[in-house]
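Everything below concerns the one structure shown next.
The values are calculated or read from the model by the stated rules, or taken from the named source; none is laboratory data. Treat the numbers as computed from the prediction; the structure is a model and nothing was measured. Don't worry about glycine lacking a Cβ; one is built from the backbone with ideal geometry, like all the others, and counts go over all protein chains shown.
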Amino acid sequence: MLKATKVRLYPTPEQELALAKSFGCARWYWNFALNACIQHYQETGKSLKLASYKGMLPQLKKEYPWLKENCYSSVLQCVAINLDRAYKNFFEGRAKFPNFKSKHHKQSIQYPQSVTVNGEYLKVPKIGEIKAIFHREVTGKIKTVTISKTSTDKYFASILCEVEGTDVKQSGDNIIGIDLGLKDFAITHNGENATKYANPKHLYRHQKNLARKQKKLSRKTKGSKSREKFRKIVAKVHEKITNSRQDFLHKLSRKLVNESQVIVVENLNVKGMVKNRKLSKAISDVGWGKFVNFIDYKLKQSNGELVEIDRFFPSSKTCSSCGHVLDGLSLDIREWDCPNCHTHHDRDENAALNIRNEGIRILTEGGGNLVFADGGCVRPPACKSKGHWSVNSEAYTALVGSV
């Protein structure tokens with residue numbers, strides 16, 4: 001099992017200079033290798049293999065001695081491996097085409113070996129022992145360490161360790177459905193009661209402050225020290241927005257995972273939804289995708305399970321009492337009455353309940369067996385079938401009752 005720990009670094013001025021040189025060497029080699037790949041494809045119509053631009057390193061170090069003097073050799077090897085992975089992600093449709101790196105904004109380097117934790121210090125080759133704040137103990141074998149510098153000149157290290165035999169915390173015994181929205185960030189339903197969590201609107205709360213500082217930045221002369229000073233001021237506002245959003249998502253996802261064994265969500269097409277020019281800013285600010293990712297990895301750690309239902313499932317238009325589906329339901333209608341059974345519905349609470357019921361239907365129709373958290377594993381290896389997790393219907397009926 002791989003586990004990453006992110007810690008804050010406090011390098012000395014000499015170490016900051018050494019890190020800047022390492023960042024520069026890694027960035028230069030990335031741009032050189034990427035340019036070589038592009039030129040080779042334009043000339044031959046074929047991709048340049050990893051071994052080709054990795055094999056250029058010995059000659060490059062002779063032509064440019066500062067590559068050898070200022071940067072640890074394994075860092076450049078990692079740059080080549082990461083570029084090869086970026087190309088594979090592009091060709092397999094998981095990412096966009098790799099970009100050239102800039103000396104502005106965020107910088108990072110990766111060490112695959114020789115980095116050790118020494119008390120309150122992180123010992124890095126060619127840099128030395130860097131003061132670090134460890135908020136938790138780093139256990140297991142260190143696989144890689146990624147050192148990064150943010151736009152606000154803060155340094156962090158992400159330490160990836162291979163951990164064996166960790167104690168797994170069992171999750172709760174509920175099955176909940178979550179309807180994600182903009183008016184309320186999340187509406188959860190456990191089959192009996194619904195709970196609404198308000199949308200904090202992180203960007204909206206800082207919008208006036210951000211606009212004021214961006215206006216001051218736009219008036220500064222390009223290349224001046226004053227402009228660089230105000231660039232960092234604006235970057236700090238963006239960083240505060242990001243941190244507040246991430247803090248909210250972490251706390252809410254942890255609360256839901258601690259209370260639940262199975263969580264059901266919709267598989268939303270966020271990339272497609274942000275193309276709506278009226279809602280794009282609100283959708284980007286709310287962080288649905290990151291929230292689901294947080295729930296996913298926390299459920300895996302606590303022996304729980306995440307179920308994603310189809311994005312075209314009519315959760316809002318379906319009556320949770322009788323199953324009647326409306327022909328249409330505009331966004332401005334927040335409450336409605338079922339024309340078939342005359343049940344009054346809150347739009348979001350009804351959607352959350354329908355999402356929960358649909359998740360249970362997907363699980364129960366698969367057949368098979370599932371042992372609950374109080375007796376073992378929620379997701380046995382043999383349970384996966386066509387993207388859905390199977391479960392014994394009697395066990396589920398005993399847990400949640402009739403739906």
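Among the residues of region 255-274, is any assigned to a strand (DSSP E or B) and among the small types (Gly, Ala, Ser)?
Scanning region 255-274 turns up at least one residue that is assigned to a strand (DSSP E or B) and among the small types (Gly, Ala, Ser).
Of all residues in region 95-132, those satisfying the criterion of being over 23 Å from the mean Cα position of the chain (by Cα) and not in a loop (DSSP other than H, G, I, E, B) are Thr116, Val117, Asn118, Tyr121, Leu122, Lys123, Val124, Gly128, Glu129, Ile130, Lys131, Ala132.
Just name the residue that is nearest to Ile241 (Cα to Cα) out of those in region 151-173 that are in contact with a Lys or Arg (Cβ under 9 Å, 6 or more places away or on another chain) and at pLDDT below 90. Steps first, please.
So the first thing to find is which residues in region 151-173 are in contact with a Lys or Arg (Cβ under 9 Å, 6 or more places away or on another chain), and the list is 151-164, 166, 171.
Of the ones still in play, those that are also at pLDDT below 90 are 162-164, 166, 171.
Working: Glu162: 32, Val163: 33, Glu164: 36, Thr166: 34, Ser171: 30 Å.
Across region 151-173, the extreme among qualifying residues is Ser171.
A single entry from Asp332, Asp348 fulfils the requirement of being assigned by TED's automatic domain parsing to the domain that holds Ala186, of a type outside the set (Gly, Ala, Ser) and not in a loop (DSSP other than H, G, I, E, B): Asp348.
Here is the figure for region 291-320: residues that are part of a helix (DSSP H, G or I) and either outside the structural domain of Trp336 (by TED's automatic domain parsing) or surrounded by fewer than 21 Cβ atoms within 10 Å (Cβ to Cβ) (or both) total 7. Among the residues of region 69-98, those that are within 29 Å of Val234 (Cβ to Cβ) and without any contact (Cβ under 8 Å) to a residue 12 or more places away in the chain comprise Ala95, Lys96, Phe97.
Against the definition (surrounded by 15 or more Cβ atoms within 10 Å (Cβ to Cβ) and either charged (D, E, K, R) or assigned by TED's automatic domain parsing to the domain that holds Ser280 (or both)), how does Glu239 come out, yes or no? Answer is yes for this residue.
Of the listed requirements (1) assigned to a strand (DSSP E or B); (2) surrounded by fewer than 18 Cβ atoms within 10 Å (Cβ to Cβ); (3) in contact with a Ser or Thr (Cβ under 8 Å, 6 or more places away or on another chain), Ile147 misses just one: (2).
Table: residues versus (1) out of contact with any helix residue (DSSP H, G or I) (no Cβ under 7 Å at 6 or more places or on another chain); (2) within 30 Å of Val117 (Cβ to Cβ); (3) at pLDDT 95 or above; (4) crowded, with 17+ Cβ neighbours inside 10 Å.
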site	(1), (2), (3), (4)
Lys3	yes, yes, no, no
Pro11	no, yes, yes, yes
Gln15	yes, yes, yes, yes
Leu19	yes, yes, yes, yes
Phe23	yes, yes, yes, yes
Tyr29	no, yes, yes, yes
Tyr41	yes, no, no, no
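In the set (1) part of a loop (DSSP other than H, G, I, E, B); (2) β-branched (Val, Ile, Thr); (3) in contact (Cβ under 8 Å) with a residue 60 or more places away in the chain, the condition left unmet by Thr221 is number (3). Of Ile187, Ile178, all but one fail to be in contact with a Phe, Trp or Tyr (Cβ under 8 Å, 6 or more places away or on another chain), over 30 Å from Asn118 (Cβ atoms), outside the structural domain of Ser22 (by TED's automatic domain parsing) and touching a residue at least 24 places away in the same chain (Cβ under 8 Å); the exception is Ile187. Here Asn258 meets each of (1) buried (at least 18 other Cβ atoms within 10 Å of the Cβ); (2) out of contact with any His (no Cβ under 7 Å at 6 or more places or on another chain); (3) modelled with pLDDT of 90 or more with one exception, condition (1).
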